[in-house]
Amino acid sequence: MAKITHISQLDLNQTYSYADYLTWQFDEAIELIKGKIMLMSPAPNVKHQDISSNLTALLHNFFRHQKCRVYAAPFDVRLYDRKKSILASQDIHTVVQPDLCVICNPEILDLQGCNGAPDWVIEILSKGNSKRDMQIKYELYQESGVMEYWIVYPEQQAIHQFVLDEHERYQLKHMYTEDDIATPELFPELTIELTEVFETWISE
């Protein structure tokens, strides 16, 4: 089999597995959504990176002496229906790279990343990924059992917090904005000031 060194060698209409994904040797950043290749947005802008760095620092400091760990993109997360046991690479067809995720079960971590649903995922919207994060990934995270999902809106300086209910469906728990203090449902002792999250040198 010929080596795949450029995305143009792939058929974007074909269905691929994580085993295929591991063999590819090109520079383009992609995600695999139910077997379909999804090109990722160009490199995030400074505001996006500032927000990601601010959240990473806050979460890392909080979880430093706890069993949970924080991982920032690029970091592969393999997802599948929560009702299934851990799957082999050839049976996995979704690989995403959340902006941030918190994982409290070390058994789903390996050298390649996370094999299963993180406990908490945070996605920061940008112009190229709004539909993916608000619709496609929302449904993926819900189906795979991510217990808490935050969508961060840089322009509005807002955070929407979704939490799985008893029927394993997301419910909008809070809409935080401006100088609010956000608290994850999973970690009620953690308080996050939005003014710290959205602190950046870039105003436009």
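Overview of results
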read-out	value
Fraction of alpha-carbon pairs over 18 Å apart in the range 11-86 - percent	58 percent
Ranked 96, 163, criterion: other C-beta atoms within 10 Å, fewest first	163, 96
Backbone HN-Hα couplings from phi across the range 172-178 [Karplus 6.51/-1.76/1.60, Hz, Gly and Pro as x]	6, 7, 8, 10, 8, 7, 6
Globularity index of the range 105-204, i.e. its alpha-carbon radius of gyration over 2.2 N^0.38 Å	1.14
Relative contact order [Cα under 8 Å, 6+ residues apart], the range 46-197, whole percent	18 percent
Computed E for residue 53/residue 186 - FRET, C-beta separation, R0 22 angstrom, nearest 0.05	0.50
Label-point separation, residue 110 to residue 166 (7 Å along Cα→Cβ), nm	3.7 nm
Enclosed volume per residue, in Å³, of the convex hull spanned by Cα atoms of the chain	128 Å³
Where no second cysteine Cβ lies under 4.7 Å, the cysteines concerned in the chain	101, 114
Simple spin-label estimate for residue 61 and residue 155 in nanometres, 7 Å along Cα-Cβ	3.0 nm
Lysine-lysine proximity count for the range 24-168, Cα under 17 Å, sequence distance 8 or more or distinct chains	8
The chain, helix-only ellipticity at 222 nm - DSSP H runs n ≥ 4, -39,500 (n - 2.57), divided by all residues, nearest 500	-5000 deg cm²/dmol
Where the Cα pairs of the range 40-124 fall when distances are cut into 5 Å bins, in %	3, 13, 25, 22, 18, 11, 7, 1
Simple label model, 7 Å out from Cα along Cβ direction - residue 139 to residue 8, nm	3.2 nm
Separation between Cα centres of the range 37-86 and the range 133-194, rounded to whole Å	14 Å
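Laboratory data are not the source of any read-out in this text; all were calculated from the coordinates shown. Keep in mind the model is a prediction, meaning the values are calculated, not measured. Note that each Cβ is placed from the backbone with ideal geometry, even for glycine, and that neighbours are counted across all protein chains shown.
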